[in-house]
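Notes follow once the structure below has been shown.
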Amino acid sequence: MAIRKIAVLGAGNGGCAIAADLTLRGFEVRLFSRSESTIAKIAKRGEIELIEAGVGKKAAPYFMSPHLPPVVQGVDLIIVAAPSVAHEYLAKNLAQYLTDGQRILLNPGHTGGALHFANLLRESGCTADVRLCETVTLTYICRMLEPARVEVYRRTTNLRCAAFPGKYTADLVGEIQTVFVNVIAAENVLETGLSNINAIMHPAGMLGNAGWIEKTGGDFLYYREGITPTIAAWIEEIDRERLEIVRRLGLKPLRFVDIFHQAGLTSEEARASGSIYRAINESEPNKTIKSPASLDHRYIKEDIGYGLVPMAEIGALLDVKTPIMDALITLASTALRIDFRRDGLTLEKMGLAAREPGELRGVLEHGF
């Protein structure tokens, strides 16, 4: 399938970077945000400025709208570049407009994203023959400097991608590679989901720096200054719990430092050392990124609710103990007064509540 017409759902950091880059490369791009004010600011400017390696280029997407139907109708590929908390809204509202042959890429899927999205489409009565896949993380390390102006620090390398059901991965990844050449095939969507580096490192960093964030409004370098040896030790324990889940699933166990390095986010020397503290502190693309201004941020809401919660839920299904993940979920629930175990991405929401451990690989390969 030749992909020429692309809908990008989400006009934040990732969505604007994708829309601008793909427009500059000759694709017909339609950009959606359910926030009318966000789209209005971009539309008023008429273009998105993409800054990379100090060079700014301007791109005018083919169409921009806060309404889904005109954005997605007739496109070949729908790229969901929105926080995972928006997946429910998008899946439920997309269900009636999807048509046979369309492809959907969750960029990224976070943890369990493709399972959740597919389950929502099914529950919403979608009958279109569409193909769904997800990446481990965003295709770009980027930040929005101001509306319609985004800086790309790095293009993610060796970006693993898998389809749900997995039997479509080879064909679908081949198609996605015509859009994002840095994508490579993963075994299934739990390999991608359990490689969610944001869920591994952000919750510990946010909760470990809670006082500093509240006192300064996030006026410090999040990765360079916020990830101390103690917080890195917490991250290491989260990674050990995650790796045990990966082993129980029969997937290839890749350490956080290996995933981080493969994505182009740290040095070979840091990877070889095995030190999570060193890997994060030597992350060149992340070195200037400041802390979120408050705890009410996606680094907690998304990376715990749609990162650690589904990891811990899958761990429980497989009888893997996750005490550090559980502790961070409890602390975050207390800090934000949100019951993440109830409101986060549970087995039920992923369509896995009635499954036995031995059924998982079959579901991942063949679908629900």
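Convert 10 °C to kelvin, take the viscosity as 1.306 mPa s, use the Kirkwood radius over C-alpha pairs of the range 227-289 as Rh, and evaluate the Stokes-Einstein diffusion coefficient in µm²/s, rounded to a whole number. It comes out at roughly 132 µm²/s. To the nearest 10, the accessible area of TRP234 is 100 Å² with a 1.4 Å probe.
Excluding same-chain neighbours fewer than eight residues apart, the lysines reachable from LYS5 by a Cα-Cα span under 28 Å are LYS41, LYS44, LYS57, LYS58, LYS92, LYS167.
Restricting the calculation to Cα atoms, every distinct pair contributes to the Kirkwood radius of the chain, found to be 20.6 Å. Starting from the Cα gyration tensor of the range 280-368, take the square roots of the eigenvalues, sort them a ≥ b ≥ c, and report rounded, prolate or oblate (rounded when a/c is under 1.5, otherwise prolate if a/b is larger than b/c, else oblate). Cα axes put the range 280-368 in the prolate bin.
The residue among ILE176, LEU190, PRO147 whose Cα reaches farthest toward the positive pole of the charge dipole of the range 136-200, with charges on the beta-carbon of Lys, Arg, Asp and Glu, is PRO147. Rounded to the nearest 20, the Cβ-based charge dipole of the range 1-55 about its Cα centre (Lys and Arg +1, Asp and Glu -1) stands at 220 debye. When only the Cβ of Lys, Arg, Asp and Glu is charged (+1, +1, -1, -1), the dipole of the chain relative to its Cα centre reaches about 660 debye. Note on THR322: accessible area approximately 10 square angstrom, rounded to 10, probe 1.4 Å, nucleic acids and ligands left out.
Kirkwood radius for the range 1-139, taken over all pairs of different Cα atoms as the inverse mean of 1/r, rounds to 15.0 Å. Put a dot 7 Å past the Cα of GLN73, heading toward its Cβ, do the same for ALA2, and the two dots end up 2.5 nm apart. Split the accessible area of the chain by element, probe 1.4 Å, and carbon with sulfur accounts for 49%. Only lysine pairs 8 or more places apart or on separate chains count here, and in the range 238-368 those with Cα atoms under 29 Å apart total 8. Placing unit charges on the Cβ atoms of the charged side chains and taking the dipole of the range 25-162 about its Cα centre, the candidate lying farthest along the positive direction among GLY26, GLY125, SER84 is GLY26. What the Cα convex hull of the range 65-163 gives, in volume per residue, is 108 Å³.
Couplings 3J(HN,Hα) of the range 307-315, computed from phi: x, 6, 4, x, 4, 5, 5, 5, x Hz, in residue order, whole Hz [Karplus 6.51 cos²θ - 1.76 cosθ + 1.60, θ = phi - 60°; x for Gly and Pro]. The calculated 222 nm mean residue ellipticity attributable to helices in the chain amounts to -12000 deg cm²/dmol, summing -39500 (n - 2.57) over DSSP H runs of n ≥ 4 and dividing by all residues. What FRET efficiency do you get for ARG154 and ASP343 if R0 is 41 Å and r is their Cβ-Cβ distance, rounded to the nearest 0.05? About 0.80, to the nearest 0.05.
Per the Debye calculation on the range 208-343 with a single equal scatterer at every Cα and no solvent contribution, log₁₀ I(q)/I(0) for q = 0.10, 0.12, 0.20 Å⁻¹ amounts to -0.35, -0.51, -1.32. In the context of the full set of protein chains, residues of the chain present 40 Å² of accessible surface per residue (probe radius 1.4 Å, heavy atoms only).
The values are calculated or read from the model by the stated rules, or taken from the named source; none is laboratory data. Just so you know, these numbers come straight off a predicted model, no measurement behind them. Every residue, glycine among them, receives a Cβ derived from its backbone with ideal geometry; neighbour counts consider all protein chains shown. Please note that ligands, DNA and RNA were not included when accessible areas were found on the heavy atoms of the full protein model with its side chains. Shrake-Rupley method; radii C 1.70, N 1.55, O 1.52, S 1.80 Å.
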